[in-house]
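What follows draws every value from the coordinates through simple rules; no lab data is involved. Because the structure is predicted, anything quoted here is derived from the model rather than measured. No Cβ is skipped: glycine too gets one built from the backbone with ideal geometry, and neighbour counts run over all protein chains shown.
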Amino acid sequence: MSDVGARTEQELREELEAMRSRVASLEAELVEVQARANSAVAEWQERAYWLDRWHLDLNAVMRRRGASEFRAAVRAVRAIVWGLKRIKRRVIQP
């Protein structure tokens, strides 16, 4: 084989190794994404299970009078709690 043929063959081997490395990293990333997706689906399935078990229809609940005001009140309380937690973390951490 000529020098040009050997060099091309070496370049092809290097490219093949680079592609194999990239495929391996993409497969690892896919496994991670699948695990996160499975976790999210499981969480939502559990929530749906409890809503069914308690015979709650969220759409019907949210159509009732005062539902949007209740959600706003919950958001306000949650914002206050989160703010207090943030302040607590700043005070406690050196």
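Results, tabulated for the structure shown:
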| read-out | value |
| --- | --- |
| From the C-alpha gyration tensor of region 1-56, square roots of 5λ in Å | 53, 6, 4 |
| Angle between the chain longest axis and helix 67-92 axis [Cα atoms, degrees, rounded to 10] | 60 |
| Where N is the number of residues in the chain, Cα Rg divided by 2.2 N^0.38 Å | 2.24 |
| Label-to-label distance, nm, for residues given as L12 and R86 (7 Å Cα→Cβ offset) | 6.0 |
| Helical mean residue ellipticity (222 nm; -39500 (n - 2.57) per DSSP H run of 4+; nearest 500) of the chain | -31500 deg cm²/dmol |
